[in-house]
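So the structure is just underneath, and the comments pick up after that.
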Amino acid sequence: MLYLGPSALNPTPAVESTTIDDWQQYYLQQAKVAEHALLRDFYAKGMISAATAICDAPLLAMDIETTGLDPTLSDIVSIGLAPMSLKQVNSSQARQWLVKPRCGLNDRSVTLHGITHSDIDLAPDLADILPELLTALAGKVVVVHYRGIERPFLHAALKARLGAGIYFPVIDTMALEARLYRQPPVRWWQKWQRQPKVSIRLADSRQRYGLPHYRPHHAVTDAIACAELLQAQLATRFSPQSPINQLWC
């Protein structure tokens with residue numbers, strides 16, 4: 001485990017390969033050095049300690065739809081949030097924003113998430129919703145399905161608009177599935193058995209837990225779907241008293 005000190009206070013998307021072992025201290029540091037008021041306020045809300053039981057953690061599921069897969073070339077087009085706990089997904093409090101990407105839409109992204117040029121004609125830039133978005137995210141442990149999208153894209157989008165990015169702890173439901181289905185063979189003979197890989201995509205993972213099928217690539221629906229998947233994972237594989245550091249990254 002690596003703790004990021006003062007020399008790494010403005011992480012880039014490449015830091016997805018790095019682990020912060022003290023998010024509480026990281027937030028305290030960032031609150032002191034962040035230059036933009038929105039980021040100072042975000043980090044000033046603080047973060048729970050690594051020993052906090054998952055049942056006591058403030059959780060918020062999030063999904064982001066984008067125009068591509070590279071945050072340096074693509075941009076965010078939709079964000080969905082769904083407050084949750086171990087027992088409940090507060091779908092009545094779920095939120096979704098359409099935002100106008102700086103790079104514009106392309107045919108592939110339109111086909112994937114169904115958001116068209118006419119949908120975003122009057123949509124705001126991400127900068128216009130940042131006060132509301134960051135207030136919703138502040139102090140929360142964010143739940144996503146594949147952290148390689150939400151965290152890098154928000155970091156890049158905020159860096160382009162505020163001059164500095166953002167970094168926050170996430171529970172990655174895809175990574176939790178990977179713990180079961182992406183482990184290397186433990187015996188020599190298993191290396192020679194050609195078993196098809198088990199899909200750890202959101203819909204396929206939900207199906208294994210008996211969860212219903214939802215329309216994919218719709219931000220708030222995917223956020224709710226991710227929240228329900230985490231609930232199922234926690235119910236079958238973890239104790240409510242499991243410390244949050246067994247789950248977040």
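The values are calculated or read from the model by the stated rules, or taken from the named source; none is laboratory data. All values derive from a computational prediction rather than experimental measurement. Because the Cβ atoms are built from the backbone with ideal geometry, glycine has one as well, and the counts that use them run over all protein chains shown. These accessible areas exclude ligands, DNA and RNA; they are computed on the full protein's heavy atoms, side chains included. Shrake-Rupley method; radii C 1.70, N 1.55, O 1.52, S 1.80 Å.
Can you run down the residue pairs with Cβ atoms below 6 Å, 6 or more apart or on separate chains, where the first is in segment 68-84 and open to solvent by 10 Å² or more (accessible area, probe 1.4 Å) and the partner is assigned to a loop (DSSP other than H, G, I, E, B) and β-branched (Val, Ile, Thr)?
Listed by first residue and then by second, the contacts come to Ser74/Thr67; Asp75/Thr67.
Return yes when Asp56 is at pLDDT below 95 and on the phi < 0 side of the Ramachandran plot and no when it is not.
no
I'm checking my understanding of the structure. Among residues of segment 126-151 that are charged (D, E, K, R) and open to solvent by 40 Å² or more (accessible area, probe 1.4 Å), which one is farthest from the chain's Cα centre (by Cα)?
Across segment 126-151, the extreme among qualifying residues is Asp128.
Which ones in segment 213-249 are assigned to a loop (DSSP other than H, G, I, E, B) and closer than 22 Å to Ser78 by Cβ?
Scanning segment 213-249 gives His213, Tyr214, Arg215, Pro216, His217, His218.
If I ask for residues that are in contact with a Leu (Cβ under 8 Å, 6 or more places away or on another chain) and among the polar types (S, T, N, Q), which ones from segment 24-68 would you list?
Gln29, Gln30, Thr67 - these are the residues of segment 24-68 that are in contact with a Leu (Cβ under 8 Å, 6 or more places away or on another chain) and among the polar types (S, T, N, Q).
May I ask you to verify whether Lys87 is under 19 Å from Leu229 (Cβ atoms), modelled with pLDDT of 95 or more, open to solvent by 40 Å² or more (accessible area, probe 1.4 Å) and of a type in the set (D, E, K, R)?
Considered against the rule, which asks whether it is under 19 Å from Leu229 (Cβ atoms), modelled with pLDDT of 95 or more, open to solvent by 40 Å² or more (accessible area, probe 1.4 Å) and of a type in the set (D, E, K, R), Lys87 comes out as no.
Could you list, in sequence order, all residues of segment 47-67 that are assigned to a loop (DSSP other than H, G, I, E, B) and either open to solvent by less than 20 Å² (accessible area, probe 1.4 Å) or of a type in the set (S, T, N, Q) (or both)?
Of everything in segment 47-67, those that are assigned to a loop (DSSP other than H, G, I, E, B) and either open to solvent by less than 20 Å² (accessible area, probe 1.4 Å) or of a type in the set (S, T, N, Q) (or both) turn out to be Met47, Ser49, Thr52, Ala57, Thr67.
What's the number of the condition Ser109 fails, among (1) at pLDDT below 95; (2) open to solvent by 10 Å² or more (accessible area, probe 1.4 Å)?
Evaluating Ser109 over (1) at pLDDT below 95; (2) open to solvent by 10 Å² or more (accessible area, probe 1.4 Å) leaves (2) as the failure.
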